[in-house]
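**Student:** If you scroll down you'll find the structure; I have some questions about it.
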Amino acid sequence: MKVVVTGAAGFIGSNIVQGLNARGITDVICVDDLTQGDKFRNLADLKVADYVDAGDFYTRFANGHYGKVEAVFHEGACSDTMETNGQYMMKNNFTLSCDLFTACQNQNTRLLYASSAATYGGSDTFRESPEFEKPLNVYGYSKLLFDQWLRRNIGARFQGASTQTVGFRYFNVYGPREQHKGRMASVAFHQFNQFKADGKVKLFGEYGGYGAGGQMRDFVFIDDVVAVNLWFFDNPNQSGIFNLGTGRAQPFNDVALAVVNSLHAVPSVLSLEQAVAQGLIEYIGFPDALRGKYQSYTQADLGALRATGCIHAFADVATGVKAYMANLSQVS
């Protein structure tokens, strides 16, 4: 069985390759742009059949160069929510995805692709329905436009596709293999490095009606993201757009406390108040650059996901972050 993973040297893409390998699937074509050369580390321990530069792959694939491909996991994109070049964003996240979908349909290849919770933006309801889609930046809009394009062309539930087509609206994903992402890496990754360097972690202060560190997100561990992707891979009759989060909003304070309790020297579990009092958690002013462009609350509505029969149990922050901190401590 031949599978393609785009963005394969990236965070989610490389973890999907690892998940495929764990099943014995090694006929994997990895597609990426290694201009940022250190991303190779995410592929070095994986078993793959080929690596193709993103600049070459899409035209070759559309021309049938790779023969029968069972599925494409399309994780390749510009994922920098601070990117302001709309032309660049739309070319990478919209136009290229439209062309890929068309090529997949022509070749009876299934497409499982990365959408984003950024499509909801300023909404207070996170359900896969147009009335709740209010992106706050061009990244969120680029992801939404592809979702909309598919709805227009193959129906609201993608029932008009000739082969499985699934979009995953990823919420705040964290976990191993994100070290290359710089400022776009998860808060857990940054806090690990802060604690190692300074003995404390930093969080945004009061903003958006939330107290210091109280802004809430749906934080989802990468292992859970891979598990849900592979569940749909196992269930080719299921198509549509689905939230991929835990369904549980937790404050940034929970992440910080999980980091501190995983890394601090004293073998006791601290409360938030104790961690703050000991200077292990510090609050900083909310940056002006993010005002009006920041989601202070997200929580995935899992109704559509559960209706497919996917009953995967998601890790909470304390469990996922503890596992992540153990991984980072081993590789750092």
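Since every read-out is calculated from the coordinates, none of them should be taken as a lab result. Just so you know, these numbers come straight off a predicted model, no measurement behind them. Methodologically, a virtual Cβ is constructed for each residue, glycine included, from the backbone with ideal geometry; neighbour enumeration extends over all protein chains shown.
**Student:** Which FRET efficiency, nearest 0.05, do Ser129 and Asn108 yield, Cβ-Cβ r, R0 25 Å?
**Tutor:** Working from the Cβ atoms, E equals 0.25.
**Student:** Please give, to one decimal in nm, the separation of the simple spin-label points placed at Asp99 and Ala197, each 7 Å out from Cα toward the Cβ.
**Tutor:** Roughly 3.9 nm, to one decimal.
**Student:** If I take every Cα pair under 8 Å that is 6 or more residues apart in region 1-69, average their sequence separation and divide by the length, what percent do I get for the relative contact order?
**Tutor:** Relative contact order for region 1-69 comes out at 36 percent.
**Student:** Which whole-number percentage describes the relative contact order of region 96-139, with Cα contacts under 8 Å and a sequence gap of 6 or more?
**Tutor:** 28 percent
**Student:** Through the Karplus equation 6.51 cos²θ - 1.76 cosθ + 1.60, θ set to phi - 60°, convert the phi angles of region 52-60 into ³J(HN,Hα) values in whole Hz; use x for Gly and Pro.
**Tutor:** Per residue, the Karplus-derived 3J(HN,Hα) values read 10, 5, 4, x, 9, 5, 4, 5, 4 Hz.
**Student:** What spacing in nm lies between the two simple spin-label points modelled at Asn21 and His65, each 7 Å away from Cα in the Cβ direction?
**Tutor:** Roughly 2.5 nm, to one decimal.
**Student:** Show the residues, 5+ positions off or on another chain, whose built amide H is closer than 5 Å to the amide H of Ser115.
**Tutor:** Placed amide hydrogens put Phe168, Arg169, Tyr170 under 5 Å from Ser115.
**Student:** Restricting to Cα pairs below 8 Å that are 6+ residues apart, what does the relative contact order work out to for the chain? Please round to a whole percent.
**Tutor:** Value for the chain: 17 percent.
**Student:** Here is a further query. Ala227 versus Ala185, label points 7 Å from Cα toward the beta carbon: distance in nm?
**Tutor:** 2.5 nm
**Student:** Over what distance in Å are the Cα centres of region 151-178 and region 248-319 separated?
**Tutor:** About 25 Å separates the Cα centre of region 151-178 from the one of region 248-319.
**Student:** Once amide H atoms are built 1.01 Å from N in the peptide plane, which residues 5 or more positions from Val201, or in another chain, come under 5 Å H to H?
**Tutor:** Under 5 Å from the amide H of Val201: Ile281, Glu282.
**Student:** Turning to a different aspect of this structure: Is the shape of region 248-303 best called rounded, prolate or oblate, per the rule: a/c under 1.5 gives rounded, else a/b larger than b/c gives prolate, else oblate, with a ≥ b ≥ c the square roots of the Cα gyration tensor eigenvalues?
**Tutor:** Oblate is the answer for region 248-303, as a/c is 1.5 or above yet b/c matches or exceeds a/b.
**Student:** Moving on. Starting with the highest mean, order 225-234, 110-119 by the number of other Cβ atoms within 10 Å, averaged over the residues of each peptide.
**Tutor:** Ranking the peptides 225-234, 110-119 by packing returns 110-119, 225-234.
**Student:** For Ala289 and Ala44, calculate 0.36 nm times their separation in residues minus their Cα-Cα distance, and state this gained length in nm to one decimal.
**Tutor:** Fully extending the segment from Ala289 to Ala44 adds 84.6 nm.
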